[in-house]
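Here the structure is laid out as structure tokens; the discussion comes afterwards.
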């Protein structure tokens, strides 16, 4: 072993030799452990070793410029097992954690300033058993965006391991029943939870970084999100449990400015190979980064979501890429509240289906109002953020349905429930990949706070026993099932507004007071949409966002079929959506009157014998 040097200590002995520069971070070798770190050539560097939990190090190993290649220094320590080892680097006299650390010690208690932050070496082999990625096509995905802690922290979640990866595992049966087949986790890697923000009106206040954006240790599962003292194992358990239930797991990453493409690529590859993660939502990357990641061979089967993929090369496989932006959300919120001149944008986003990538559609996300607040507040109410209500977007396109905030008025509450159903219909009847915000199906509220990045409380925890949950949860479950039952609502290819089936009907067409004719004047707030998947598969959706009822002309069907009512959001309770076998023919087959602010879905079914024409 070249340049080997024996180092002895009362607790541990090892042999030092020049290590391998790649991979960065810690890796086990046949002889012991390899440490590799990137340090500028004009800086001093030493590897500081601790026994688990002890205050004083048992060894300090200097890393010289000659111990590596370029700006990377490496050392192999033969004889170390790593089982009870902690380490940091001392760079120019200051202890810092390894940017490539695979696990972190000292941060187990959420919301408390750690006494120390040290790096560790993950447990050995993990039994993945017969784990297989679900690999759902983007057109079939029903995504669900959640915060690991907030999803199950509240007592109403009724899980044992509240606020943890294990808590999500306990909720998998619920997610399956709802119809979700992909979950997207907000940052679940190791990030600092407390900070002092000089921009605050009261800068001495220490705030929580509840969302998790900012500098972080991107290779390590967050220790305080684990119910056990083995976060790496617990995260793998979560992924494996999701896969067994047909659910993909996507992680959100926010890389600060100046993070190198090399580090980002290393990070994503590591989570795919080590944790079997199915995809990533990447925030705020420099131009060109996403295009490079899109053609990375290790990530070729991994879903990648980003705001854009500029200069996407011809060899990129668009099947695993999706744009993630607010265009759909803004357009659908505006027509939902009844703004004028919105039909053009509505029709575009309803059928949005880019040729080169997929697209993620959402009406609400953690950054903004929840669905309940979208129909309960005209203005944001972020006073508890201690920034004089100056933070958060002022443009929410929301409407409080007649009263700001909480209300006991029956008419206001009924209208809010209907508007929430309308919003969910807009989402799940659109051609993009729909993403639900966790808790929206329960009527979750954040009391009008549209930027609760610093709150770890009931304000941001999902309240599972909300007053409207008994009506909204079954509605969402049936709506998702309806979408899955009709592939024309989530076509793998863009709809063409042409007769692609050769049966005389276009795959999608728009109607109004007259069949086959769309009235697009700025004051119009209603439109009918007919889908035709085949000679026997017709759907008609009447969207009326006006505060007045409107007639909708119905296209003629083949003679053996009639229009039947499948969904009416103006109906309260369980019969808002009927099962197909319970659908009832409407009285007038030429037109239908749709109440104000209502979405109606009709399905074509064969006539009953007594309805057959003579």
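The values are calculated or read from the model by the stated rules, or taken from the named source; none is laboratory data. Just so it is clear, the model here is predicted, and its values are computed rather than measured. Because the Cβ atoms are built from the backbone with ideal geometry, glycine has one as well, and the counts that use them run over all protein chains shown.
For this structure, a couple of remarks:
- Set 552, 545: member being modelled with pLDDT of 95 or more and within 28 Å of residue 470 (Cα to Cα): 545
- Among all residues of the range 116-137, there is none that is modelled with pLDDT of 95 or more, within 30 Å of residue 479 (Cα to Cα), part of a helix (DSSP H, G or I) and touching a strand residue (DSSP E or B) at 6+ places or on another chain (Cβ under 6 Å).
- Residues located in the range 90-101, provided they are closer than 14 Å to residue 24 by Cβ and surrounded by fewer than 21 Cβ atoms within 10 Å (Cβ to Cβ): 97, 99
This table checks each residue for (1) at pLDDT below 95; (2) surrounded by fewer than 14 Cβ atoms within 10 Å (Cβ to Cβ); (3) part of a strand (DSSP E or B).
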site	(1), (2), (3)
282	no, no, yes
301	yes, no, no
304	no, no, yes
319	yes, no, no
347	no, no, no
352	no, no, no
366	no, no, no
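- Condition broken by residue 308, with the remaining ones in (1) touching a helix residue (DSSP H, G or I) at 6+ places or on another chain (Cβ under 8 Å); (2) part of a helix (DSSP H, G or I) satisfied: (2)
- Residue 217 free of Cβ contacts under 8 Å to residues at least 60 places away in the same chain and surrounded by 19 or more Cβ atoms within 10 Å (Cβ to Cβ): no
- Selection status of residue 310, assigned by TED's automatic domain parsing to the domain that holds residue 188, closer than 25 Å to residue 261 by Cβ and free of Cβ contacts under 8 Å to residues at least 12 places away in the same chain: no
- Pairs are defined by a Cβ separation below 6 Å, a sequence spacing of at least 6 or placement on different chains, a first member in the range 61-87 that is exposed (fewer than 15 other Cβ atoms within 10 Å of the Cβ), and a second member that is at pLDDT 95 or above and in a strand (DSSP E or B); the pairs so defined are 62/46; 71/38.
- Members of the range 424-464 that are under 18 Å from the mean Cα position of the chain (by Cα) and under 30 Å from residue 497 (Cα atoms): 424, 427, 428, 430, 431, 432, 433, 434, 435, 436
Results for (1) on the phi > 0 side of the Ramachandran plot; (2) modelled with pLDDT under 95; (3) in a strand (DSSP E or B), shown as yes or no for each residue.
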| site | (1), (2), (3) |
| --- | --- |
| 15 | no, yes, yes |
| 42 | no, yes, no |
| 74 | no, no, yes |
| 81 | no, yes, no |
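- Hey, residue 340 farther than 28 Å from residue 443 by Cβ, surrounded by fewer than 16 Cβ atoms within 10 Å (Cβ to Cβ) and either free of Cβ contacts under 8 Å to residues at least 24 places away in the same chain or in the same structural domain as residue 284 (by TED's automatic domain parsing) (or both) or not: yes
- Residue in the range 102-112 that is at pLDDT 95 or above and either closer than 27 Å to residue 301 by Cβ or in the same structural domain as residue 265 (by TED's automatic domain parsing) (or both) present: yes
- Hey, residue 419 assigned to a helix (DSSP H, G or I) and either assigned by TED's automatic domain parsing to the domain that holds residue 567 or in contact with a helix residue (DSSP H, G or I) (Cβ under 7 Å, 6 or more places away or on another chain) (or both) or not: yes
- Hey, residue 153 assigned by TED's automatic domain parsing to the domain that holds residue 285, modelled with pLDDT of 95 or more and surrounded by fewer than 18 Cβ atoms within 10 Å (Cβ to Cβ) or not: no
- Within the range 136-151, residues that are over 14 Å from residue 252 (Cβ atoms) have Cβ atoms under 6 Å from residues that are modelled with pLDDT under 95 and surrounded by fewer than 22 Cβ atoms within 10 Å (Cβ to Cβ) in these pairs: 139/492, counting only partners at least 6 apart in sequence or on another chain.
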